[in-house]
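Rule-based calculations on the coordinates, nothing more; no lab input. Small disclaimer: the values here were computed from a predicted structure and weren't measured. Here the Cβ is made from the backbone with ideal geometry for all residues, glycine too, and neighbour counts use every protein chain on show.
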Amino acid sequence: MPQISAQKKQGAGSARQLENLARRYGTPLYVYDWNTIAAAWREFDQELTGIPHLICAAVKANANLALLGGLARLGSGFDIVSGGELARVLQAGGVAGRVVFSGVGKTRDEMDAALQAGVLLFNVESAPELALLEARARARRRPAGFGIRVNPNIAAPTHPHIATGLHRHKFGLTASAALALYEQTRASRWLQARGLSFHIGSQILDSKPLAAALVKILPLVHHLRQFAPLEYLDVGGGIGIDYRHGRAVPVRPFLAPLKKHLQASGLTLLLEPGRRLFAAAGLLLTRVLYIKDNARRRFVIVDAGHNDLIRPAFYDAYHRIAPLRPRAGAARRVDIVGPICETADFFARERRLAPVRAGDLLAIYDAGAYGFSLSSNYNARPRAAEVLLENGRARLIRRRETHADLMALEMEL
Ligand code: LLP
C-alpha cells in the first residue's frame, strides 16, 4: 500500500491537510499539486535542450483555467481539439501563436475562431477538412498554417480505446494521401504547409513505437521539404505513467531518439503531452459512505462515482487507492464502488485494502489527467470541486457545482 509519506513526494499534501480540505470543500474533491505539474513540464523542456521545441500541453487531459494559466506562464503552448478548449486557453492567458488545433471533426465556427485568434497550426486530418480550412481562410483573408496528421500504421501497446496509430483508426491519413494533399495545396494563397503531425496513442510505456513512427514518417518529411517550407514536426503526446506503483516514468527514453533524428533537421519539435504533465499531480478524495457485506463480497461504497472518474469503467484502468489514515488490522479484498446505478460504477474490484469504516477518507491516486475533464453530471450529480496546492498552500480553483447550476440552462414547461 502506498504510504502518505511516499505520496507526499508527488505533492498531494499531508493526510492532515487533505482531511482539512475535505472538511472545508466537501467530497468528492480533486486535489492537484502545481509544483508536480511544473516539474513535469520542465522535465520535458530540459530534456529537449539543444533542439528547437515547443511543448503544447494537451488541454483535454485537464482544462482547469488555473492550471492552463500556470502553464502559459511557464511558456507552454497548448494542443486543443475544440473551440471550447481554445476559449479556455485564451481566457487563461495562453498565447494563440503557440496553439496547435488537432482533431478529426473541426467545425466551420471552430476554424473561424482559431483563424481569428491566430493559432500556430491546424493539424488537418482529411481532404474535406483541408478544403473547408482553405475556404474559411480565404473568406477571412487570413492564411492558415497547417500540417497533415499522418497515420503511420504503427500499433501502440495500450488499451484499444486509446490507440490511434493504425489505419483502421479514424485518425490521420496514409503517407501517400498526405503527400497528395500537400502537393494539391502548393499553389494555395490561403494554406501554408508549415508542419506535419502524428500521434499513435496514449498511456504508452514503451519508447520504441514512438521512435518507430518517427523513422517511418521521416522519408515523407524529407520529400516534402523539397517543395514545402515545413517548420514543425508534431509528434503528439502519449507518454504514460506508472499507475500500478506510482514510480516516475522518465521522459528521456522517449525524447532521446526524437532529438537524435531531428537534431540537424532545422525543424522545431512539437510535443503534446497530457497525461504525463497532470496525472501524477492529482488525486481524487472520496469519503466512505457504507460498508456492505453481501454473498461473501465486501463493497466499500464511496461518495465519488464514475461520473467523477470514469477511467476504471471506460479503460479498465488501475488507480492506486488507499485510506488517508490506514487503520490497524489485516487488509482484505474489497470492491470500491460509487453510488451510481450502474455496475460499471467502480474504482477497483477485488482490491486489497486496509480496514476502513464509514466516514473514512480514501485517496484515488494519479487522477490529475482525464479525471475531472471526463467527468459528467450523470445522475444529476454536481461535479466535484478542484483545489490546487502550491508550495503546500491550498487554493480553490473550481467550486463544487450546485443543483441550481445544473438546472440553470433548462426551460420549464
Ligand atoms: N495529442 C493528441 C492528438 C491526442 O489525441 C492526445 C490524447 C494527446 C495529444 C495527449 O495524449 P497523452 O499525452 O495525454 O497521452 N481519456 C483517456 C486518454 C485519451 C487520450 C486522447 N488523446 C484516458 O483517460 O486514458
**Item:** region 34-275 pair-distance distribution - Cα-Cα, 10 Å bins, rounded %
**Value:** 8, 34, 39, 18, 2, 0
**Complete:** Mean shadow area (nm²) of the C-alpha convex hull around region 126-253 is 8.8 nm²
**Item:** Ordering of 370-382, 29-41 by burial proxy (mean other Cβ atoms within 10 Å per residue, highest first)
**Value:** 29-41, 370-382
**Charge dipole of the chain about the Cα centre (unit charges at C-beta), most positive-ward option of Val95, Phe122, Leu173** = Val95
**Asked** Between region 156-213 and region 132-146, how many Å separate their Cα centres?
**Response** 22 Å
**Message:** Under 4 °C and 1.567 mPa s, how fast does region 181-227 diffuse according to Stokes-Einstein, given a Kirkwood radius computed over C-alpha pairs? Answer in µm²/s, whole number.
**Reply:** 102 µm²/s
**Message:** Please rank Val288, Val89, Val249, fewest neighbouring Cβ atoms within 10 Å first, as an exposure proxy.
**Reply:** Val249, Val288, Val89
**Request:** Tabulate in residue order the Karplus-calculated ³J(HN,Hα) for region 182-190, using 6.51 cos²θ - 1.76 cosθ + 1.60 with θ = phi - 60°, rounded to whole Hz; enter x for Gly and Pro.
**Result:** 4, 5, 4, 9, 3, 8, 5, 6, 9
**Message:** For the chain, what does the helix formula give at 222 nm: sum of -39500 (n - 2.57) over DSSP H segments with n ≥ 4, over the residue count, nearest 500 deg cm²/dmol?
**Reply:** -9000 deg cm²/dmol
**Prompt:** If you put +1 on each Lys and Arg Cβ and -1 on each Asp and Glu Cβ, how big is the dipole of region 34-275 around its Cα centre, in Debye rounded to 20?
**Reply:** 200 debye
**Asked** Counting alpha carbon pairs within less than 8 Å and at least 6 residues apart, what relative contact order, in whole percent, applies to the chain?
**Response** 19 percent
**Prompt:** Assuming a viscosity of 0.890 mPa s and a temperature of 25 °C, what translational diffusion coefficient in µm² per second does Stokes-Einstein assign to the chain, Rh being the Kirkwood radius over Cα pairs?
**Reply:** 109 µm²/s
**Message:** Restricting to Cα pairs below 8 Å that are 6+ residues apart, what does the relative contact order work out to for region 34-275? Please round to a whole percent.
**Reply:** 21 percent
**Message:** Checking the table Lys208/Lys259; Lys170/Lys260; Lys60/Lys216; Lys170/Lys259 against a 18 Å threshold on Cα-Cα, which pairs fail?
**Reply:** Lys170/Lys260; Lys60/Lys216; Lys170/Lys259
**Request:** Report the calculated FRET efficiency for Asp112 and Arg244 (r = Cβ-Cβ distance, R0 = 45 Å), to the nearest 0.05.
**Result:** 0.50
**Prompt:** Of Gly201, Val215, Ala72, whose Cα points farthest to the positive end of the dipole of region 34-275 (charges on the beta-carbon: +1 Lys, Arg; -1 Asp, Glu; origin at the Cα centre)?
**Reply:** Val215
**Space enclosed by the convex hull of the alpha-carbon atoms of region 266-413, per residue, Å³** = 190 Å³
**Prompt:** Hey, rough spin-label estimate for Arg296 and Arg357, points 7 angstrom out along Cα→Cβ, what's it come to in nanometres?
**Reply:** 2.9 nm
**Counting DSSP beta bridges with both ends in the chain, the antiparallel % (nearest 5)** = 45 percent
**Complete:** Expressed as a whole-number percentage, the relative contact order of region 39-108 with C-alpha contacts under 8 angstrom and at least six residues apart is 31 percent
**Request:** Please report how far the C-alpha centroid of region 341-413 lies from that of region 244-316, rounded to the nearest whole angstrom.
**Result:** 16 Å
**Fill in**
Percent antiparallel among DSSP beta bridges confined to region 34-275, rounded to 5, stands at 5 percent
**Prompt:** Dipole of the chain, Cα-centred, from +1 at each Lys and Arg C-beta and -1 at each Asp and Glu C-beta, to the nearest 20 debye?
**Reply:** 920 debye
